[in-house]
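Q: Take this structure, written in structure tokens, and hold onto it; I'll ask about it next.
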Amino acid sequence: MQEHYFHCSDGLKLGAQLYRLVNATSPKKILLLHGWLDNCRSFWKLAPQLHKQGYELLALDLPGHGTSGHRSQDSPNLVLSDYVYYVR
């Protein structure tokens, strides 16, 4: 598992945990998204099990959660549909 960061075009930095397979050709991939008031570390039991089964995983911290950055206080509040921007 590697800690990883993505820099978004709006300046926000998103934290993630990345589980890669070594020497795998065309591995199956899973994007893990946490629930409200949680973070990517909520997959601490599930992610290693899926990885052992041959999956590459990306557990993403949504904006304002875990190691991801926060938007400024004067910016509009995020609604659930806004998170699609960060996931795509």
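The values are calculated or read from the model by the stated rules, or taken from the named source; none is laboratory data. Source: prediction; values computed, not measured. Ideal geometry is used to build each Cβ from the backbone, glycine not excepted, and the neighbour counts take in all protein chains shown. Ligands, DNA and RNA are stripped out before the accessible areas are found, and what is left, the full protein with its side chains, is counted by its heavy atoms. Shrake-Rupley method; radii C 1.70, N 1.55, O 1.52, S 1.80 Å.
Q: When you go through (1) open to solvent by 70 Å² or more (accessible area, probe 1.4 Å); (2) touching a Cys at 6+ places or on another chain (Cβ under 6 Å) one by one for A59, which number turns out not to apply?
A: (1)
Q: With the requirement that a residue be in a strand (DSSP E or B) and touching a Lys or Arg at 6+ places or on another chain (Cβ under 8 Å), what does the range 1-47 give you?
A: Q2, Y5, F6, H7, Q17
Q: Residue check: is L32 buried (at least 16 other Cβ atoms within 10 Å of the Cβ) and among the aliphatic types (A, V, I, L, M)?
A: Answer is yes for this residue.
Residue by residue, here is whether (1) within 25 Å of S9 (Cβ to Cβ); (2) of a type outside the set (D, E, K, R); (3) open to solvent by 40 Å² or more (accessible area, probe 1.4 Å) holds:
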{"residue": "L50", "(1), (2), (3)": "no, yes, no"}
{"residue": "T67", "(1), (2), (3)": "yes, yes, yes"}
{"residue": "R71", "(1), (2), (3)": "yes, no, yes"}
{"residue": "Y86", "(1), (2), (3)": "yes, yes, no"}
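Q: Another question, then. Could you count how many residues in the range 1-29 are open to solvent by less than 50 Å² (accessible area, probe 1.4 Å) and more than 13 Å from Y86 (Cα to Cα)?
A: So the count comes out to 6.
Q: Please work out if L50 is touching a strand residue (DSSP E or B) at 6+ places or on another chain (Cβ under 7 Å) and either in a helix (DSSP H, G or I) or farther than 24 Å from Y85 by Cα (or both).
A: yes
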